[in-house]
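Coordinate-derived values only; no laboratory data. Please read these numbers as outputs of a predicted model, since none were measured by experiment. Using ideal geometry, Cβ is built from the backbone for each residue, glycine included, and neighbour counts are taken over all protein chains shown.
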Amino acid sequence: MANKVSGNTIIIRAGQGTLSFLCGEEYHQYPVKSGMSISANLREAFREQPYLQQPIAKAILKVTTPVVLIPKEDYLDTADFDADAMYSYVLTGHKGEVKIIKELPELEAVALFSVNSDLQMVVGDNSHDVEVENVMLPVWKHFYSNYYQMGQRRKMFCYFHDRQMDICSFEQRRLKYANVFDAQHAHDALYYMLFVWKQLGMNQTEDDLYVIGDMPHKDWLMERLKAYLSRVHEIDPKASLNRSPLAEIESMPFDLMV
């Protein structure tokens with residue numbers, strides 16, 4: 001099928017050592033070259049991939065950097081809010097990166113995350129209209145709108161992607177908890193999930209655990225979770241997204257579907 005990038009929006013997902021592109025309903029995974037930065041790989045992709053050769057009207061760059069959540073009222077009440085200072089106070093290792101602020105009105109919060117400046121520059125060199133988004137923002141909104149508000153049970157959500165696991169929970173119409181953990185190994189993932197479950201004071205028999213994404217040793221992990229918790233649900237992207245054509249694409253991350 002011929003690509004139709006021209007005049008349309010292209011989504012660029014920069015994962016942990018991965019690059020992929022969503023052009024309309026066409027999904028492309030770029031074979032990242034080791035020994036090169038993601039920004040250098042992206043520049044190569046723009047230079048050599050046929051689906052990136054036509055002019056791009058708008059580019060959305062999705063990044064997987066950690067998110068700092070700030071209550072909306074705290075953000076609004078802070079004069080001369082210093083995004084760099086706040087992010088550096090909570091997280092280390094992101095000095096020199098560009099800080100992005102996104103309001104989440106549905107969750108009564110403000111999201112603060114970073115993007116590599118070279119990566120952002122490469123995208124800007126190929127599109128005059130660039131928007132930077134974190135992969136978790138639409139996922140949180142989807143969990144909140146489609147699952148949290150359904151029924152009275154307390155719920156914890158786990159999204160596996162990029163060899164890591166984002167865990168979140170909601171309470172009183174806002175995000176109560178959101179954190180990311182290494183999930184390269186199933187035993188570690190199980191430990192972190194049950195640790196956070198206990199930390200949140202979730203009930204072993206009455207509350208719900210929802211999981212989705214690229215789980216390590218999925219069968220073993222689901223079996224062990226169900227041995228500890230009574231209500232474990234694996235989210236089916238096709239059902240969750242009402243049979244969206246994007247949900248039919250193999251290997252596409254859930255955050256690109258929503």
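Overview of values
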{"quantity": "Size-normalised alpha-carbon gyration radius of the range 195-258, reference 2.2 N^0.38 Å", "calculated": "1.29"}
{"quantity": "Ratio of Rg to Rh over the range 53-117 (Cα coordinates, Kirkwood Rh, two decimals)", "calculated": "1.05"}
{"quantity": "D_trans [Stokes-Einstein, Kirkwood Rh over alpha-carbon pairs] for the chain, 4 °C, 1.567 mPa s, µm² s⁻¹", "calculated": "66 µm²/s"}
{"quantity": "Positive minus negative residues near E171 (Lys, Arg vs Asp, Glu; Cβ under 14 Å)", "calculated": "+3"}
{"quantity": "Estimated vicinal HN-Hα couplings, Hz - the range 132-148 in sequence order (Karplus 6.51, -1.76, 1.60; Gly, Pro = x)", "calculated": "10, 9, 8, 4, 7, 4, x, 5, 4, 4, 5, 4, 5, 6, 9, 10, 4"}
{"quantity": "The range 138-257: relative contact order in percent, alpha carbon pairs under 8 Å with at least 6 residues between", "calculated": "23 percent"}
{"quantity": "Charge dipole (debye, nearest 20) of the chain; +1 at Cβ of Lys and Arg, -1 at Cβ of Asp and Glu", "calculated": "460 debye"}
{"quantity": "The range 135-179: Cα Rg divided by the 2.2 N^0.38 Å rule of thumb", "calculated": "1.10"}
{"quantity": "Estimated D of the range 18-68 in µm² per second, where Rh is the Kirkwood radius over Cα pairs and Stokes-Einstein applies at 20 °C, 1.002 mPa s", "calculated": "175 µm²/s"}
{"quantity": "Residue order, fewest to most surrounding Cβ atoms within 10 angstrom, among E250, E44, E234", "calculated": "E250, E234, E44"}
{"quantity": "Cα centroid separation, the range 166-206 to the range 38-112 (Å)", "calculated": "24 Å"}
{"quantity": "Using alpha-carbon coordinates, inclination of helix 117-126 to the longest axis of the chain, degrees", "calculated": "50 degrees"}
{"quantity": "The chain, relative contact order in percent, only Cα pairs under 8 angstrom and at least six apart counted", "calculated": "15 percent"}
{"quantity": "Volume of the Cα convex hull of the range 96-179, divided per residue and given in Å³", "calculated": "117 Å³"}
{"quantity": "Helix 218-228 axis, angle to the chain major axis (alpha carbon atoms, nearest 10°)", "calculated": "30 degrees"}
{"quantity": "Long-range amide H partners of V211 with built H, under 5 Å", "calculated": "C158, H233, E234, I235"}
{"quantity": "Max mean-square fluctuation residue, GNM over the chain, Cα-Cα springs under 10 Å, options K58, K141, K95", "calculated": "K95"}
{"quantity": "Debye log10 I(q)/I(0) for the range 138-257, one point scatterer per Cα, at q = 0.09, 0.11, 0.13 Å⁻¹", "calculated": "-0.22, -0.34, -0.48"}
{"quantity": "Helix 186-199 vs. the chain, principal-axis angle (Cα, 0 to 90°, nearest 10)", "calculated": "60 degrees"}
{"quantity": "Nonlocal amide H pairs with G15, under 5 Å, H built at 1.01 Å", "calculated": "S20"}
{"quantity": "Total formal charge among the other residues, if their Cβ is under 14 angstrom from that of V135, Lys/Arg +1 and Asp/Glu -1", "calculated": "-1"}
{"quantity": "Peptide ranges 11-20, 66-75, 157-166 listed from the most packed, as the mean C-beta count within 10 angstrom indicates", "calculated": "157-166, 11-20, 66-75"}
